[in-house]
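For reference, the structure discussed in these notes is given below.
The values are calculated or read from the model by the stated rules, or taken from the named source; none is laboratory data. Everything numeric in this text was worked out from a predicted model, so none of it was measured. Cβ placement follows ideal geometry from the backbone for every residue including glycine, while neighbour counts extend to all protein chains displayed. The area values use the complete protein model at the heavy-atom level, side chains included, leaving out ligands, DNA and RNA. Shrake-Rupley method; radii C 1.70, N 1.55, O 1.52, S 1.80 Å.
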Amino acid sequence: MSEHNPDAPAWLQLPSDVNALYASAWPTSAHRDAQGVLRFAGVSATELVDTYDTPLYLLDDAEFQHQALMYRDAFDGYTVYYASKALLNRTVVRWVAKAGLGLDVCSGNELRLALEAEFDPARITLHGNNKSLDELVLACESGVGRIVVDCMDELLRIEKLISDGLSAPKLLLRVKTGVQAHTHEYIATAHEDQKFGFSLSSGAALEALQWARSKGLPLVGIHSHIGSQILKVSGFITAARRLLELLAEYRDTTGEQLPVLCLGGGFGIVYTPADTPLPPHDLAAALRAVLPNDCARLGLELPQLAIEPGRAIVGPCGVALYRVGVVKQVELESGGSRTYVAVDGGMSDNPRPALYGADYSCALANRASDAEPVLARVVGKHCESGDILVRDCYLPADVRPDDIIAIAAVGAYCRSLSSNYNMALRPPLVALRTGTARLIVRRETFADLMATDVG
Ligand SMILES: Cc1ncc(COP(=O)(O)O)c(C=O)c1O
């Protein structure tokens, strides 16, 4: 029997069965069949790689609907927008519409894609810290429901567009509430020293609201997004309370209450046993326990509330499949060893470990194994030692070239952050539902890459 490797992080348990899946990280439909092969939504991993090759990204349609409906039901009375930056393609837009959610986009091209997929523009919110004039014009002309305004330059641009005769969507002002979200620095977005929003503490947010009102802009509310992959509710509550205070100050100085309050996204998911997010019903209940009382204390009507989950909806429905090319033993200074398993993708299709030190759970997908678990690291094929996909995991000691490795919870911020580093071709996306697989985004080809090289 192997022993727990001292080089493993504290959260990584030595598995009693190396073939078992850490259930909370995988789509509900994931299981190992009688032949030892992983199946997702009833489709076998080996059949999928035979048909579509590797690397391959799978999206479990039923899991997407399940997560979306869980948020919609838990946050009953809120408007729930899916944050499309997490993953966007025409199929996902249709899934969002089917689940009855709104859509939040943060660039002109995300907006164009949503419109091409015939999403109702009135249910779209446009975000972005540096929206170009063209993007603002597109939003106005296509009839998007809301724009979240990030800065004074943008307010001035919108004022000009309205004076030129365009009809502007309803406006929310993005406010930095000063909340320190407990997450990686690069995905914390409400502290003072970062680029998003109007500062609450300096008074800039209140001044901007008053200015917008004085110009007759179609202002309806305020917005905050404190960060991403947040596992505790306290940051959301602190932010919400500070925003209510701002609504009260605005009411006190203008005699009017703004009706809308959006609390953004950022709800965390399970990647490994280290992640213990609150279920959406508990999150919503914690907010319900505070917001009505605060409103009563401040003499405010309860605003129309909104949230914008991205990762929490699409993250859990994604699985990546890779083929192993190389297996290498590396001796560690501690005296132990680590098995490096190099696969045919890497930081080009999933840069999150390199960007944020993100962790994942993985498993051998094409067979079960009787071998003992060994401490392993799944790495890619790119020219960086930071090209890591799974920093710490246990895999069977007999893992070998041509095996298939599955990585869980890759639906969010993998495809959307992917690159062509080393001229890598972005992998295809395949949607799965009740035993069937459907290609929704094809693999890039070398010709795709050369098409933009006009020199
Ligand atoms: C304004 C805004 N809303 C929502 C989100 C979605 O966050 P998450 O995917 O963590 O829910 C983001 C992510 O960056 C964001 O910037």
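A few notes on this one:
- Projected label points at V290 and F446, each 7 Å from Cα along the beta carbon direction, are separated by 5.6 nanometres.
- Listed residues Y81, Y356, Y421 arranged by accessible area, highest first, probe 1.4 Å: Y421, Y356, Y81
- Computed FRET value (nearest 0.05) for K328 with A274, which takes r as the C-beta separation and R₀ as 22 Å: 0.25
- Angle between the chain longest axis and helix 204-214 axis [Cα atoms, degrees, rounded to 10]: 50 degrees
- Whole-Hz ³J(HN,Hα) from phi, Karplus 6.51 cos²θ - 1.76 cosθ + 1.60, for segment 31-38, glycine and proline x: 7, 9, 7, 4, 8, x, 8, 6
- Folded to 0 to 90 degrees: helix 90-99 orientation relative to the chain principal axis, Cα: 70 degrees
- With Cα atoms as the point set, the radius of gyration and Dmax of segment 1-143 evaluate to 20.3, 66 Å.
- When the chain is reduced to its Cα atoms, the Kirkwood hydrodynamic radius in Å: 23.3 Å
- Taking the 1.4 Å solvent-accessible surface of the chain as the whole, the part contributed by carbon and sulfur is 50%.
- Simple Cβ-charge dipole of segment 75-309, Lys/Arg +1 and Asp/Glu -1, about Cα centre, in debye nearest 20: 260 debye
- C-alpha long axis of helix 61-74 to longest principal axis of the chain, angle in °: 40 degrees
- Across segment 397-411, coupling constants 3J(HN,Hα) worked out from phi with the 6.51/-1.76/1.60 Karplus curve, θ = phi - 60°, read 4, 8, 4, 8, x, 5, 5, 10, 9, 9, 10, 8, 6, 9, x Hz, and Gly and Pro carry x.
- Think of each Lys and Arg Cβ as +1 and each Asp and Glu Cβ as -1; about the Cα centre, that makes the dipole of the chain roughly 780 debye.
- Averaged over its residues, segment 75-309 has an accessible area of 41 Å² per residue, based on protein heavy atoms and a 1.4 Å probe.
- Antiparallel DSSP beta bridges within the chain, as percent of all bridges there, nearest 5: 50 percent
- Take the Cα of Q257, step 7 Å toward its Cβ, do the same at S132, and the gap between the two points is 4.1 nm.
- Karplus-derived 3J(HN,Hα), 6.51/-1.76/1.60, for each residue of segment 114-130, Hz, glycine and proline x: 4, 5, 4, 7, 6, 6, 4, x, 5, 9, 10, 10, 9, 10, x, 8, 8
- Cross-link table K85/K160; K98/K232; K98/K195; K195/K232; K176/K215, entries beyond 32 Å C-alpha to C-alpha: K98/K195
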